[in-house]
Amino acid sequence: MPEDVLRTMLSIVQLLEQELLYFAAFWFVLGALDEFAVDCVWLFLRLFRKQAEKPCAARPDPRAIAVFIAAWKESQVIGHTIGHALRVWPQRDLRLYVGCYGNDPATVAAAMAGAGDDPRLRIVIHDRPGPTTKADCLNRVYRAMCADEARERRRFAGVVMHDAEDMVHPDAIAVIAAGLADADFVQLPVLPEPQPSSPWIAGHYSDEFAEAHGKTLVVRDALGAPIPAAGVGCGFGRQRLGSLATAREAEGGNGPFASECLTEDYELGLLFSHGGGRSRFLRERDADGRLVATRAYFPATLETAVRQKTRWIHGIALQGWDRLGWSRRPVDVWMRLRDRRGPLMAVVLAAAYAWLCLTGVLFVAKLAGLVVPARTSPGLQIMLWVCLASMLWRIAMRLAFTAREYGLAEGLRSIPRMFVANIIAIMAGRRALVSYMRTLRGAAVVWDKTEHSHHPATLQAAA
């Protein structure tokens, strides 16, 4: 290749590198200011206000609580979930509703085996073959609960949602029931369990949830912003859930859960705060100092992690914008912007990694004397210093929150896992945009569920 042509191409690469740098640096600075604001509120709460965490107080048995689980192709884990829940939750007024499908007999059999002869289990067989959507399955469970209430002439005090793979905490029902005494919706923390077979893919969930449920949701709760439901370890006041179901049915729906939504749990949590409803995020520790939280195994392969996060980004950032819109309260707008930044951050991260690649090419070209180093403007220098300081601060915060829940070794692993999380975010963001465009063209929403092959309770029992 002639040298003049090569120099021209390198000049174009150099120009593109500068544009990518400005683009990524600008959005990284905005993101840094956003995160630093959350950090400042959290630090203020830790230093000057009552503790965000408190010991779990002794409480009388809660009023009647219904627990909803939607299960499709979950025969490997549902029995362990049911058996463990009924064993650690002795409350007589508890009832566990498990939604299954007639064309999934293995899950039905596993659920029955997990309960043994415990009469508190109620298996609800959907009248349509599966899979439908998780929300549709939950609506069928809701109708079964309403039928039981009418037949027994009593009403449950609240409804708790869990997934088929969850390992619940013994104190969770009591904490949720107490929280529902003065709130319409409560959310407990979620702690992804470390998996030795997948320290990087599955491990990055531990890092993200440790920080999100140890800091971000604590800040949301303190600021009075709506708390999004995680779909597990969340409790809904029965009266308000019934009002929402009535409103949806008047619009042609078949229950309180939005069947056409990929993240019906997130949406339901925010809807509970509309019209004056109160939502709470509760962090309590038991007598042994363990966090009262829901534990579960999260995806352990790149494909399953990307698929799950694609659904989250599509449902929260894209569908959420369409379905929920925006709020007039500044703090609500701030938090919804944070919730919906996934697609933008995927683009920004992709731009940053593309810049790194081009920088490597230009570094080699500079050594060969083919390009002249570009001058960096004072404004860009300031942004780069802010980005560097922010990155170091973010590393420290991620390490601290992960180490608090999982130990120092996992805290140190969280540093390189930030790169893994970024790659997954880029891949999921692209797929979410493609999936969203398909739905705009009329494609149906499909329950793209995560496969589960093992349960935390089995390893706990073995230990």
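If you go through the stretch 1-26 and keep only what is among the hydroxyl-bearing types (Ser, Thr, Tyr) and touching a residue at least 60 places away in the same chain (Cβ under 8 Å), you end up with SER11, TYR22.
Could you please find all residues in the stretch 102-114 being under 10 Å from GLY79 (Cβ atoms) and in contact with a Gly (Cβ under 7 Å, 6 or more places away or on another chain)? Passing the criteria: ALA110, ALA111, ALA113, GLY114.
Residue under question is SER390, and the condition is that it be farther than 30 Å from ARG323 by Cα, touching a His at 6+ places or on another chain (Cβ under 9 Å) and small (Gly, Ala, Ser); does it hold? Here the answer is no, as SER390 does not meet what is asked. Filtered by the rule that a residue be without any contact (Cβ under 8 Å) to a residue 60 or more places away in the chain and crowded, with 21+ Cβ neighbours inside 10 Å, the stretch 412-427 gives no residues. Here the stretch 332-348 is the region considered, the condition is being among the charged types (D, E, K, R) and either outside any helix (DSSP H, G or I) or touching a residue at least 60 places away in the same chain (Cβ under 8 Å) (or both), and the residue that is nearest to ARG441 (Cα to Cα) is ARG340. When ALA230, ALA225 are checked against the criterion of being under 16 Å from ASP339 (Cβ atoms), in contact with a Leu (Cβ under 9 Å, 6 or more places away or on another chain) and not in a helix (DSSP H, G or I), ALA230 stands alone in meeting it. Tell me, please, whether a residue that is crowded, with 24+ Cβ neighbours inside 10 Å and in contact with a Leu (Cβ under 7 Å, 6 or more places away or on another chain) can be found in the stretch 139-156. No, the stretch 139-156 contains no residue that is crowded, with 24+ Cβ neighbours inside 10 Å and in contact with a Leu (Cβ under 7 Å, 6 or more places away or on another chain). Checking LEU356 against (1) within 20 Å of ALA32 (Cα to Cα); (2) under 18 Å from the mean Cα position of the chain (by Cα), which single condition isn't satisfied? Of the numbered conditions (1) within 20 Å of ALA32 (Cα to Cα); (2) under 18 Å from the mean Cα position of the chain (by Cα), the odd one out for LEU356 is (2).
Every residue, every condition in (1) buried (at least 23 other Cβ atoms within 10 Å of the Cβ); (2) hydroxyl-bearing (Ser, Thr, Tyr); (3) part of a loop (DSSP other than H, G, I, E, B); (4) touching a residue at least 40 places away in the same chain (Cβ under 8 Å), yes or no:
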{"position": "PRO194", "(1), (2), (3), (4)": "no, no, yes, yes"}
{"position": "GLY203", "(1), (2), (3), (4)": "yes, no, no, yes"}
{"position": "VAL218", "(1), (2), (3), (4)": "no, no, no, yes"}
{"position": "ASP221", "(1), (2), (3), (4)": "no, no, no, yes"}
{"position": "ALA247", "(1), (2), (3), (4)": "no, no, no, no"}
{"position": "GLU260", "(1), (2), (3), (4)": "no, no, yes, yes"}
{"position": "TYR266", "(1), (2), (3), (4)": "no, yes, no, yes"}
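Residue count for the stretch 348-370, restricted to those that are of a type in the set (A, V, I, L, M), under 18 Å from MET418 (Cα atoms) and surrounded by fewer than 17 Cβ atoms within 10 Å (Cβ to Cβ): 2. Looking across the stretch 226-258, the residues that are out of contact with any helix residue (DSSP H, G or I) (no Cβ under 6 Å at 6 or more places or on another chain) and of a type in the set (S, T, N, Q) come down to GLN239, SER243, THR246.
Looking at the stretch 223-269, which of its residues are touching an Asp or Glu at 6+ places or on another chain (Cβ under 9 Å) and within 17 Å of PRO189 (Cα to Cα)? The answer is ALA225, PRO226, ILE227, PRO228, ALA229, ALA230, GLY231, VAL232, GLY233, CYS234, PHE236, TYR266.
Here PHE298 passes the criteria (1) outside any loop (DSSP other than H, G, I, E, B); (2) closer than 16 Å to PHE209 by Cα except the one numbered (1). Filter the stretch 155-193 for residues that are among the β-branched types (Val, Ile, Thr) and either within 19 Å of the chain's Cα centre (by Cα) or within 26 Å of ASN139 (Cβ to Cβ) (or both) and give the result. If the condition is that a residue be among the β-branched types (Val, Ile, Thr) and either within 19 Å of the chain's Cα centre (by Cα) or within 26 Å of ASN139 (Cβ to Cβ) (or both), then VAL159, VAL160, VAL168, ILE173, ILE176, VAL186, VAL190 are the ones that fit. Residue pairs whose Cβ atoms lie under 6 Å apart, separated by 6 or more positions or on different chains, with the first residue in the stretch 314-331 and within 17 Å of VAL347 (Cβ to Cβ) and the second outside any helix (DSSP H, G or I) and modelled with pLDDT under 90, are HIS314/LEU262; ILE316/THR263.
The values are calculated or read from the model by the stated rules, or taken from the named source; none is laboratory data. As the structure is a computational prediction, the values presented were derived from the model and not from experiment. All Cβ positions, even for glycine, are placed from backbone atoms using ideal geometry, and neighbour counts span all protein chains on display.
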